[in-house]
1. Can you give me the % of accessible surface on region 1-115 that is carbon or sulfur? Probe 1.4 Å, all protein chains present, nothing else counted.
2. For Kirkwood radius over Cα pairs in Å, the listed values are (i) 21.7; (ii) 15.9; (iii) 17.4; which was obtained by calculation from the structure presented?
3. Can you say what percent of the DSSP beta bridges in region 64-175, counting only those with both residues inside, are antiparallel? Round to 5.
4. Separation between the Ala59 and Asp121 pseudo-spin-labels, each 7 Å from Cα along Cα→Cβ, expressed in nm?
5. If you roll a 1.4 Å probe over the heavy atoms of the protein chains, what accessible area per residue do you get for the chain, in Å²?
6. Provide the FRET efficiency to the nearest 0.05 for the Cys34-His101 pair, computing r from the beta carbons and using R0 = 25 Å.
7. Of the beta bridges DSSP finds with both residues in region 103-144, what % are antiparallel, to the nearest 5?
8. As a test of the formula, what do you get for the chain when each DSSP H run with n ≥ 4 contributes -39,500 (n - 2.57) and the sum is divided by the residue count, at 222 nm and rounded to the nearest 500 deg cm²/dmol?
Amino acid sequence: ARRSALLGVALTSSPVDETYPPLPGALEELQSICQVWPYGLTPVVDENALHTTVQAGLAQVDCVHFTCHGDFFPENPERSGLLLYDKWFTIGDIYHLCLNHLDLVVLASCWGASSTILPGDMHIGLPFAFLDSGVQTVVASLWEVDHAANIPFTKTLYKQIVQYGPMTGVAQAQR
């Protein structure tokens, strides 16, 4: 497997939208990755998980793991995204980035894989935004994520990615 630096974005709470409950398991999830990821993890946590910091960090790594709130708004899908400390990192933001250097994006967020079809058969959702921006592999959930329960899967996922690379590793972790 290719050696890849990983950006770990974890947000336990955000002052931007307090309707979303705290995610105390987010930090533990990043720590579980550190236990198995030998290539270096750059953590961007809580008040450091700013929109500009995350965008700058994306340019310096090969893989990204988001453990934060996500939401999908079918009536206005470009507003959908990932909740950071200072604002939403939206589908619209992602579509404007060139991310063809990224091997992997993991969205450990609720509704991360949700999408809709716009007129003209255009699919829009977080995975499509990342893929259209050049990311090779995206892992996301179609439902709510229990971060505490997700930790064992996350650890297995990254063990498999280290051993087999992103695409095969994801397939192996799902078995």
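The values are calculated or read from the model by the stated rules, or taken from the named source; none is laboratory data. Treat the numbers as computed from the prediction; the structure is a model and nothing was measured. All Cβ positions, glycine included, derive from the backbone under ideal geometry; neighbour counts span all protein chains shown. Quick note on the areas: whole protein, heavy atoms, side chains included, nothing else; ligands and nucleic acids left out. Shrake-Rupley method; radii C 1.70, N 1.55, O 1.52, S 1.80 Å.
1. Values: 2480 of 4940 Å².
So the carbon and sulfur contribution to the accessible surface is 50 percent.
2. Given (i) 21.7; (ii) 15.9; (iii) 17.4, the structure-derived one carries the label (ii).
3. On the way: 9 of 17 bridges.
The answer is about 55 percent antiparallel.
4. 3.7
5. Working: 8320 Å² over 175 residues.
Here the per-residue accessible area is 48 Å².
6. Details: r = 22 Å, r/R0 = 0.90.
Computed FRET efficiency for Cys34 and His101 comes out at 0.65.
7. 50
8. On the way: 6 runs with 58 residues, N = 175.
For the chain, the value works out to -9500 deg cm²/dmol.
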